[in-house]
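The block underneath contains the structure these notes are about, expressed in structure tokens.
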Amino acid sequence: MQSVTRNEPVDVLIIGAGASGAAIAWSLADTKMRILCLEQGDWPRSSDFPSTGRDWEARQSEDYSISPNRRGLAADYPINEDDSSIKIANYNGVGGGTVFYAGHFPRLHPSDFRVRSLDGVADDWPIDYRTLEPFYALNDQMMGVASLAGDPAYPPKDAVMPPIPLGRTGEKLGSAMNKLGWHWWPSDSAISTQEYQGRAPCINLGHCPAGCAQGAKASTDVTYWPEAVRSRVELRTRCRVSRIETNDEQMATGAYYFDPDGQERFQPAEIVIMACNGIGTPRILLNSASERFPGGLANSSGLVGKNLMFHPYAQIRGHFDEPLDGYRGPPICIWSMEFYETDPARGFKRGYCYQFSRGLGPVRTATTGLADGLLPWGDEHHAAFRRLFCRSAGMVSICEDLPEEINRVTLDPHLKDINGIPAPKITYRIGENTQRMLDHSVARGIEILKAAGARDITFKSPLPYAGWHLMGTARMGHDPKRSVVNAWGRSHDVKNLFIVDGSVFVTSGGVNPTATIQAVALYVADQIKSRIYDLFN
Amino acid sequence: MIASSQTIALDELSPAEQETLHCVASHMIPPSEELGLPGATDPAIFADILRSIGRDLPALRQALHAITEMAGGPLAVLSSIEQRALLSRFRSGRPDLAGVVEAVTVRCYYRDDRVMSSVGMEVRPPFPVGFAVPQGDWSLLEPVRSRGKIYRDAD
Ligand SMILES: Cc1cc2nc3c(=O)[nH]c(=O)nc-3n(C[C@H](O)[C@H](O)[C@H](O)COP(=O)(O)OP(=O)(O)OC[C@H]3O[C@@H](n4cnc5c(N)ncnc54)[C@H](O)[C@@H]3O)c2cc1C
């Protein structure tokens, strides 16, 4: 090993400043330990976000593309996704995926933690809904979640602030759901609808997934991080970790990383916490293979990188004769949990939720209209465009993906990032159960749109560029042979190594994962604090 | 193989490629006299298209070369009817590449001031003014409430 600069040691080293890294940094700050977070990207600047310029839609295929391979910026690492039918979407910088997320913020349901006991599939989680409930609530407060209390699809939970508007789209689709007698409810949204802790309310820019210039969307660069930094957590940006080092006691001693000048450094730490997401974390653990840990760090189970789950999406959209919300307002609108719980009559186990969405901007109306055959070339183009623009609405189904070892993250033998760190390679195919669920959701989605009076209904299943929920690749469990971390996020093999990102999910549920990822991170922080005197026993 | 960041080609299309793109764009979105609308080859819009190809340059080149190959030479020398027929074959045979030409074109067309006004938009970016969205009728939730609990207990 060539000699590298050795930094001053810290008590806690967190790797990754996204959804989970931010939450655990904030929570641990009150211990007064010396906490450092290394993040490969930079702070996002809201004045750079696309919605500040006339090229707001175009830039979402350029420097604000959700695909790291398309962006190819210095903060990004390449991902070999040739063997995956679903392509990866992420954001690498302070805030992580929350900078790009839509802020749809459902919790898992109580049944999600008991899938083996209730439905005979996959495995139960070692924790349950009740354990996470106070951390969900705390996270709702910290992120500032807009919602309407009383959703019959969940145990009671408080609303932090009023929900985002139904708008014409919510009315139209909600009325259709009423006709069918199916559940719907305004979505819990990590978007402030009023002044909240220094954040301005949503002004319906309509472009949440390319960064919120208003700062109303709860990305962790504007929620947890300012608080954590005020509490003296140090956040070093443009620092990419390559591997974790260990000693003869099988304890982590710190991490090697490349600083903004590309110089390699070693950061010693008493506790190391991985928060690089369901792809970034297994990548670094696998790249930390050594004589002591030949199969990769924390990998005596052989499960690091395996059981990758995405939530395959189907998208169903229709068009209406009267104008709806169009490009105005958060794309998020309402949700339905009608098909969430297992019903044997449907031919698949587990279920999905619908996330209903408003319309598209003019450019996306045109690109999707052209791709769907609804918008012709030539003289008919203009009239057809007017029949589509501001008149579309629809939904995506978020289907529970069951864990399968064949779906995995490994290290690519050839592809490397700009620091020479091996890139992750994704191997993924949609399972049979999920395929049946996708088909069911398309059929029911069409029914809903027909009940709403839609014409020109189109669907895509699965959505190929929708690998934005990254879960399962370092799962939690009681049995060290069948899991990577224990019930409170500590590696079975390396007693001072914790994992808090989406990797630890045992199953995926059928809802967006971030509320749960952060609740788990807050729970792990709480466990670290309450066990601090015998943390490594 | 090391992936370098910022390897995005900042190159531009050759005059021949530009000519093919011009011809394709003229078929895709012609002007409308009735609506008083420019087409995609309006000088200001087409200049914007050429400036804004960005990360699509390699795929766009591939698309334009495929069209030239199908035409057995420059597309522009064919008659308008032949061009239209060829482009229709191109679109059904290579929807992936057709999608690239479409994306490159509409990205700029639908941000032109005249086009935005014509489709009822204010000519401005979303921020900082934002937009208004009506609250909607919250009483629509009554039937959902009265149906009662639908989640499963897991204890
Ligand atoms: C377009 C899009 C839309 C989405 N919409 C929703 C939604 O509506 N609702 C929802 O719940 N979820 C949504 N998500 C998913 C959500 O963003 C993620 O679930 C969440 O951010 C994951 O949190 P995490 O902590 O696991 O990882 P991340 O938030 O991805 O954070 C990981 C961080 O680690 C850093 N990192 C990685 N490797 C290294 C390294 N080697 N060294 C240093 N730093 C490193 C990364 O740069 C990143 O900042 C969406 C995601 C995208 C991309």
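See the values below:
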item: Residues satisfying the stated conditions in region A:337-353, i.e. touching a helix residue (DSSP H, G or I) at 6+ places or on another chain (Cβ under 7 Å) and outside any loop (DSSP other than H, G, I, E, B); result: A:ARG346, A:TYR352
item: Matching option when the condition is farther than 19 Å from A:TRP377 by Cα and hydroxyl-bearing (Ser, Thr, Tyr), among B:SER118, B:SER146; result: B:SER146
item: Selection count, region B:112-127, where residues are surrounded by 13 or more Cβ atoms within 10 Å (Cβ to Cβ), facing chain A (nearest Cβ under 8 Å) and assigned to a loop (DSSP other than H, G, I, E, B); result: 5
item: Among (1) touching a strand residue (DSSP E or B) at 6+ places or on another chain (Cβ under 7 Å); (2) modelled with pLDDT under 95; (3) at the interface with chain B (Cβ under 10 Å from one of its Cβ atoms), the one test that A:HIS207 misses; result: (1)
item: Test result for A:PHE105, within 16 Å of the ligand (Cβ to nearest atom) and either in contact with a strand residue (DSSP E or B) (Cβ under 9 Å, 6 or more places away or on another chain) or not aromatic (Phe, Trp, Tyr) (or both); result: yes
item: Conditions (1) within 14 Å of chain B (Cβ to nearest Cβ); (2) in contact with a Phe, Trp or Tyr (Cβ under 9 Å, 6 or more places away or on another chain): number failed by A:PRO403; result: (1)
item: Residue satisfying all of: in region A:246-303; among the hydroxyl-bearing types (Ser, Thr, Tyr) and assigned to a loop (DSSP other than H, G, I, E, B); nearest to A:PHE505 (Cα to Cα) among these; result: A:SER301
item: Filter result for the condition that a residue is away from the ligand (no atom under 16 Å from the Cβ) and either of a type in the set (Asp, Glu) or within 18 Å of the chain's Cα centre (by Cα) (or both), over A:GLU447, A:GLU400; result: A:GLU447
item: Identity of the residue in region A:218-245, more than 10 Å from the ligand (Cβ to nearest atom) and either among the charged types (D, E, K, R) or assigned to a strand (DSSP E or B) (or both), that ends up farthest from the other protein chains (Cβ to nearest Cβ); result: A:ARG232
item: Qualifying residue in region A:379-387 (condition: part of a loop (DSSP other than H, G, I, E, B) and at pLDDT 95 or above); result: yes
item: Residue satisfying condition, being closer than 30 Å to A:TYR533 by Cα and either assigned to a strand (DSSP E or B) or within 13 Å of the ligand (Cβ to nearest atom) (or both), within set A:LEU13, A:LEU28; result: A:LEU13
item: Any hit, region A:83-100, residues being away from the ligand (no atom under 12 Å from the Cβ) and assigned to a strand (DSSP E or B); result: yes
item: Index of the failed condition, A:LEU148 passing every other in (1) among the hydrophobic types (A, V, I, L, M, F, W, C); (2) within 14 Å of the ligand (Cβ to nearest atom); (3) at the interface with chain B (Cβ under 10 Å from one of its Cβ atoms); result: (2)
item: Test: residue in region A:380-389 that is crowded, with 20+ Cβ neighbours inside 10 Å and in contact with a Phe, Trp or Tyr (Cβ under 7 Å, 6 or more places away or on another chain); result: no
item: Those residues of region A:31-60 which are within 16 Å of the ligand (Cβ to nearest atom) and touching a strand residue (DSSP E or B) at 6+ places or on another chain (Cβ under 8 Å), in sequence order; result: A:ILE35, A:LEU36, A:CYS37, A:LEU38, A:GLU39, A:GLN40
item: Out of A:ILE164, A:ILE203, sole residue that is away from the ligand (no atom under 16 Å from the Cβ), closer than 30 Å to A:PRO50 by Cα and of a type in the set (Val, Ile, Thr); result: A:ILE203
item: Test set (1) part of a helix (DSSP H, G or I); (2) surrounded by fewer than 17 Cβ atoms within 10 Å (Cβ to Cβ); (3) touching a residue at least 40 places away in the same chain (Cβ under 8 Å) - A:TYR533 fails condition number; result: (3)
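Conditions (1) within 14 Å of another protein chain (Cβ to nearest Cβ); (2) away from the ligand (no atom under 16 Å from the Cβ); (3) under 20 Å from the mean Cα position of the chain (by Cα), marked per residue:
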{"site": "A:GLY453", "(1), (2), (3)": "no, yes, no"}
{"site": "A:PRO464", "(1), (2), (3)": "yes, no, yes"}
{"site": "A:ASP479", "(1), (2), (3)": "no, yes, no"}
{"site": "A:VAL494", "(1), (2), (3)": "no, yes, no"}
{"site": "A:GLY509", "(1), (2), (3)": "yes, no, yes"}
{"site": "A:VAL520", "(1), (2), (3)": "no, no, yes"}
{"site": "A:LYS529", "(1), (2), (3)": "no, yes, no"}
{"site": "A:ASN537", "(1), (2), (3)": "no, yes, no"}
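The values are calculated or read from the model by the stated rules, or taken from the named source; none is laboratory data. For clarity, every value in this text was computed on a predicted model and none was experimentally measured. Virtual Cβ from ideal backbone geometry, glycine too; neighbours counted across all protein chains shown.
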